[in-house]
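Each reported figure results from applying straightforward, stated rules to the coordinates on display, with no laboratory input. Remember, predicted model here, so these are calculated numbers, not experimental data.
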Amino acid sequence: MAIKTISLELDAYERLKRAKRGKESFSSVVRRARFDAPKSTGAAILEETQALYRAKKGAPKKTLDYWAGVEAEESASPRISASEWANEE
């Protein structure tokens, strides 16, 4: 088995050390660790996109304007046909 040496800041080392169970190796502690996955909700994606745009690292205004136009077109012509029974009483 290959071995890799890493350097840790003291606070990270202490946290890792506290997580050890008995004579468990640091490798075992890292294998059992759970790392938070990035948020992938619509709100989180929107927030990140807005932050990128404000930092001028996001999509160009021309692209955003195009998609706003597409959204407006789609909302102006709904995909669901009117019901034949809508006007019957």
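To the nearest ten degrees, helix 42-54 and the longest principal axis of the Cα atoms of the chain are 90 degrees apart.
Here is how the number arises for the chain: DSSP H runs of 4 or more residues each give -39500 (n - 2.57), the sum is divided by the residue count, and the result at 222 nm is -16000 deg cm²/dmol.
How far is helix 10-19 tilted off the main Cα axis of the chain, in degrees rounded to 10, range 0 to 90? That works out to roughly 90 degrees.
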